[in-house]
Amino acid sequence: MTRRLIVAIIALTLLLMLLIRASSGAMVNPFMDYESLGKWVAAVLTLCTLSFLYSDNPFYRFCEHVLVGVTAAYWMVLGFWRTIVPKLLANVVPEIPAYFFNMDTPVTVSLIHRLIYCVPLGLGLLLLVRLHPRGRSISAWTLAFILGTTAGLRLFGHLEADFMAQIQNSITPLVSVAEGGFNLGRTFNAFLITGGLVCCLFYFYFSRDSDGALGRVSKFGLWILMLTFGAGFGFTVMGRIALLVGRVEFLLQDWLGFI
Amino acid sequence: MVSLAELARERLAGRRLIYLCILLSVTVPMIWKISFKEHASPMVKNVFDQVESLPPGARVLLVFDFDPGTEPEIKPMSDAFTRHLCLKGAKLYCLTLWPTGPVEIDKVIRNVLTPEFPDYYYGADYINLGFVSGDEAIIAVALTSFQKAFPTDAHNISTSDTKRLPIMKWVENIRSFNLIIECSGGYPGLPEWIRYAAVPGGVPIVGGSVAVGTPELFPYVPDQCVGLLAGLKGAAEYEQLLLERYPLLERPECRVALDRMGPQTVAHLAIILFIIIGNGIYLSQKRRGRVGT
């Protein structure tokens with residue numbers, strides 16, 4: 001109890017100091033305009049979230065709940081204005097968005113056009129039937145449509161851009177001769193890429209025991225994989241630090257006005 | 001004999017100390033404004049040269065597929081791309097496939113386009129197509145008909161209305177663009193635009209990605225994706241090239257990534273130091289027989 005009281009007193013003192021600093025004009029005044037108030041809200045939420053690094057606490061959990069609630073509402077509003085209105089209503093009943101939302105839609109839409117767009121509307125409504133216990137089998141039709149189109153779409157994308165093109169990119173001349181001369185750096189790179197590729201493929205070759213020459217090749221492949229994971233981990237650290245830099249910069253520069 | 005509770009408390013205290021050190025390693029260089037000169041890698045040079053080679057009036061699709069969560073890494077890139085494209089006199093077609101992306105487009109328009117390039121007019125020189133849901137399916141539709149994929153702009157003006165949006169006069173599908181620039185914070189992002197737009201449409205694509213997603217993008221460079229900016233470091237290198245080519249951009253808002261690389265570098269050094277210390281302690285404890293193999 002005493003510990004909580006001490007923490008509360010420290011927090012209130014800090015808040016008071018910040019408000020005095022804000023009123024003196026040294027930092028953003030929360031009562032100046034909505035943008036300034038927004039900066040204060042963002043700063044307080046940032047500090048509450050970062051407080052998890054010390055230990056789990058109610059402030060952090062409050063931030064979690066706020067994030068979930070705001071995200072759900074944001075998606076819902078955006079889905080209505082950027083998908084349902086321009087993509088569905090504007091094609092099925094263009095009069096409604098034109099009249100009610102002052103939207104720039106062609107009102108002379110043919111009946112066939114409207115009927116075609118009724119198909120996704122029907123499939124969407126079927127998906128909502130899932131909410132009823134008896135409607136699960138009916139909503140499966142829509143899910144089947146989504147699965148089928150997604151699979152088809154991804155298949156052609158991956159086949160052309162990943163499978164075929166990646167194999168093509170892997171087949172490169174080992175000796176690089178550029179501008180009439182031998183290029184040692186590029187040649188080394190070509191050997192490294194080709195050798196690494198072959199060794200990694202051998203690492204995943206399980207039809208024979210990995211011993212002797214095959215074992216040594218697959219072990220080199222494992223080393224290549226480990227180096228790749230290490231590089232990936234390094235990039236992850238870099239990304240996380242960049243996010244921290246961004247937040248600290250916001251707190252020190254935009255909120256506190258220290259830098 | 002150390003009890004489990006004491007060990008857990010010790011570890012927690014150690015972890016908090018590391019957090020504090022990392023926070024200090026970021027904060028102190030930021031206050032002292034420590035920054036370093038960057039040297040562009042070939043991948044970043046490729047991106048710069050590709051944008052630099054655009055003719056005046058070139059049509060460029062600028063995709064803002066990121067959110068506030070990835071903003072510290074990607075926003076310096078999108079700002080730098082916008083500045084570079086405006087200096088080249090390109091026509092900008094801004095869009096996003098992320099629901100949180102419209103905010104980022106608005107920020108670039110409000111903070112970069114409008115104040116720095118007042119001669120750029122909405123509808124004639126740039127357009128904000130806003131957010132459209134559908135991920136890669138929308139890209140596949142845009143490959144055949146851009147107007148079908150993006151029926152209205154962010155202000156609900158029909159993209160077929162070329163009187164109000166003359167910039168749309170020259171756009172039929174993805175192939176109508178001279179270049180695609182993708183600022184990628186995750187899915188859908190650069191791989192999707194490469195698979196469904198750049199490769200089937202034969203349009204050159206360059207981009208920037210968050211550092212976490214960069215390793216999976218390297219295999220696409222340079223054949224399917226001309227160049228790539230890898231995280232904040234890539235953004236800083238691009239800013240350095242931009243400042244060298246256009247010295248009039250020597251302003252604080254044009255070197256955001258360069259300024260952030262100071263704290264980033266110091267934090268990296270701190271992490272390397274911790275790894276060395278941690279391994280040193282582990283090895284010494286192992287020698288004394290306090291930890292198992």
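Residues of the stretch A:141-185 being free of Cβ contacts under 8 Å to residues at least 12 places away in the same chain and over 30 Å from B:Leu143 (Cβ atoms), which ones?
Within the stretch A:141-185, A:Val177, A:Ala178, A:Glu179, A:Gly180, A:Gly181, A:Phe182, A:Asn183, A:Leu184, A:Gly185 qualify.
Residues that are more than 11 Å from every other protein chain (Cβ to nearest Cβ) and in a helix (DSSP H, G or I) do not occur anywhere in the stretch A:234-250. From the list B:Thr100, B:Thr114, B:Thr82, B:Thr96, which residue is in contact with a Phe, Trp or Tyr (Cβ under 6 Å, 6 or more places away or on another chain) and among the polar types (S, T, N, Q)? The match here is B:Thr96.
Count, please, the residues in the stretch B:127-147 that happen to be facing another protein chain (nearest Cβ under 7 Å) and assigned to a strand (DSSP E or B). Qualifying residue count, the stretch B:127-147: 2.
Total residues in the stretch B:155-167 satisfying the condition of being more than 9 Å from chain A (Cβ to nearest Cβ) and either part of a loop (DSSP other than H, G, I, E, B) or among the hydroxyl-bearing types (Ser, Thr, Tyr) (or both): the figure is 4. Contact map, the stretch B:233-259: residues that are at pLDDT 95 or above paired with residues that are aromatic (Phe, Trp, Tyr), Cβ distance under 6 Å, separation 6+ or inter-chain. Pairs shown: B:Leu241/B:Phe48. Any residue at all in the stretch B:213-229 that is out of contact with any Cys (no Cβ under 8 Å at 6 or more places or on another chain), within 18 Å of B:Thr70 (Cα to Cα) and without any contact (Cβ under 8 Å) to a residue 12 or more places away in the chain? Yes, some residue in the stretch B:213-229 is out of contact with any Cys (no Cβ under 8 Å at 6 or more places or on another chain), within 18 Å of B:Thr70 (Cα to Cα) and without any contact (Cβ under 8 Å) to a residue 12 or more places away in the chain. Among residues that are at pLDDT 90 or above, part of a helix (DSSP H, G or I), within 19 Å of B:Pro222 (Cα to Cα) and within 14 Å of chain B (Cβ to nearest Cβ), A:Leu155 is not included. Candidates are the residues of the stretch B:197-218 that are more than 14 Å from the chain's Cα centre (by Cα) and more than 27 Å from B:Ala149 (Cβ to Cβ); the one that is nearest to the other protein chains (Cβ to nearest Cβ) is B:Pro215. Restricting attention to the stretch B:123-134, the residues being surrounded by fewer than 18 Cβ atoms within 10 Å (Cβ to Cβ) and at pLDDT 90 or above number 1.
The residues in the stretch B:30-77 that are among the polar types (S, T, N, Q) and within 14 Å of chain A (Cβ to nearest Cβ) can be counted, and the count is 3. In the stretch B:260-282, the residues that are β-branched (Val, Ile, Thr) reach residues that are in a helix (DSSP H, G or I) and surrounded by 11 or more Cβ atoms within 10 Å (Cβ to Cβ) with C-beta atoms within less than 8 angstrom, at least six apart or across chains, in these pairs: B:Thr265/B:Pro29; B:Val266/B:Ser25; B:Val266/B:Val26; B:Val266/B:Val28; B:Val266/B:Pro29; B:Ile271/A:Val237; B:Ile271/A:Ile241; B:Ile271/B:Ile22.
Tallying residues that are surrounded by 14 or more Cβ atoms within 10 Å (Cβ to Cβ) and under 26 Å from A:Met103 (Cβ atoms) within the stretch A:55-84 yields 6.
Against the test of being under 27 Å from B:Gly186 (Cβ atoms) and surrounded by 13 or more Cβ atoms within 10 Å (Cβ to Cβ), the options A:Thr228, A:Thr194 yield a single qualifying residue, A:Thr228.
The values are calculated or read from the model by the stated rules, or taken from the named source; none is laboratory data. Here the structure is a predicted model, which means the values were calculated and not measured. We place every Cβ from the backbone using ideal geometry, glycine too, and count neighbours over all the protein chains shown.
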